[in-house]
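**Student:** This is the structure, below, for whatever I ask next.
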Amino acid sequence: MEKSVRNNIPDNKQVTIAQLADVKPLLMKGADDDEDEHAHTGADEEKGDVHHHHGEYNMHLWLSPEIARATAVAIHEKLVELMPQSRAKLDANLKDFEAQLAATDKQVGNELAPLKGKGYFVFHDAYGYYEKHYGLTPLGHFTVNPEIQPGAQRLHEIRTQLVEQKATCVFAEPQFRPAVVEAVARGTSVRMGTLDPLGTNIKLGKTSYSAFLSQLANQYASCLKGD
């Protein structure tokens, strides 16, 4: 459906984020090239979360404040090209967005700085851009079906990783049943948290992206700090 919608939009009205000159140097390799592959098995992927593989590069681009800013600039340029009569308003909108993003970025950086060095695992290899930007300490990712509790052998493998890597937290996502998350952490001292990489409860508006960055920071902090 996404492809059919895109095909109905003329090329001169499209912006391909991953191909922007300011974005290409920021692209990170996809999951297949991760050093954390030891925590990820293909057998589980067949039954679990497979949508995070996007080829050569990690395409969770919205999780990078740097890429978000470059994207906003590119969209601004495209809109000015298409609607030159609205340039003053478009310029003001971009200026407001950049100022808001800079302030939020600083605030989030200050909130997450004390958490550097506190290791954790996630259930979805989506957060690389955010983690790199804010200096977080991911230990790896587990591919787990959000609806079905892993088998005994898989649970043992996961718990062993949590203990051996001295993880502080393991993060699931909103679609995971509580029983699945509890089963993974049971018998360890690892805390359980939830990360929402889509900001599903954030209303669309001028401050949506800043609210998304802040919410994700709060979700990391609430578990890693033990609040």
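The values are calculated or read from the model by the stated rules, or taken from the named source; none is laboratory data. Worth saying up front: this structure is predicted, and the values here are computed from it rather than measured. Note that each Cβ is placed from the backbone with ideal geometry, even for glycine, and that neighbours are counted across all protein chains shown.
For (1) β-branched (V, I, T); (2) more than 21 Å from the chain's Cα centre (by Cα); (3) over 25 Å from M59 (Cβ atoms), each residue gets a yes or a no:
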site: A152; (1), (2), (3): no, yes, yes
site: V170; (1), (2), (3): yes, no, no
site: V190; (1), (2), (3): yes, yes, yes
site: L195; (1), (2), (3): no, no, no
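**Student:** Okay, next question. State whether the residues of segment 187-206 include one that is in contact with a His (Cβ under 9 Å, 6 or more places away or on another chain) and either closer than 30 Å to P25 by Cα or surrounded by 16 or more Cβ atoms within 10 Å (Cβ to Cβ) (or both).
**Tutor:** yes
**Student:** So, one more: Restricting attention to segment 137-151, report how many residues are touching a residue at least 40 places away in the same chain (Cβ under 8 Å) and either more than 14 Å from P197 (Cβ to Cβ) or buried (at least 22 other Cβ atoms within 10 Å of the Cβ) (or both).
**Tutor:** Summing the residues that are touching a residue at least 40 places away in the same chain (Cβ under 8 Å) and either more than 14 Å from P197 (Cβ to Cβ) or buried (at least 22 other Cβ atoms within 10 Å of the Cβ) (or both) in segment 137-151 gives 9.
**Student:** So which of E111, E131 is surrounded by fewer than 17 Cβ atoms within 10 Å (Cβ to Cβ), modelled with pLDDT of 95 or more and of a type in the set (D, E)?
**Tutor:** E111
**Student:** Inside segment 170-193, can you point out the residues that are over 23 Å from H156 (Cβ atoms) and in contact with a Pro (Cβ under 6 Å, 6 or more places away or on another chain)?
**Tutor:** Q175
**Student:** When the residues of segment 172-186 are narrowed to those that are surrounded by fewer than 16 Cβ atoms within 10 Å (Cβ to Cβ) and charged (D, E, K, R), which ends up farthest from the chain's Cα centre (by Cα)?
**Tutor:** Applying the filter and picking the extreme gives R186.
**Student:** So, E131, is that one in a helix (DSSP H, G or I) and within 25 Å of K24 (Cα to Cα) or not? Even if it seems obvious, please write down each step before you answer.
**Tutor:** On the way: in a helix (DSSP H, G or I): yes; within 25 Å of K24 (Cα to Cα): yes.
Yes: the conditions hold for E131.
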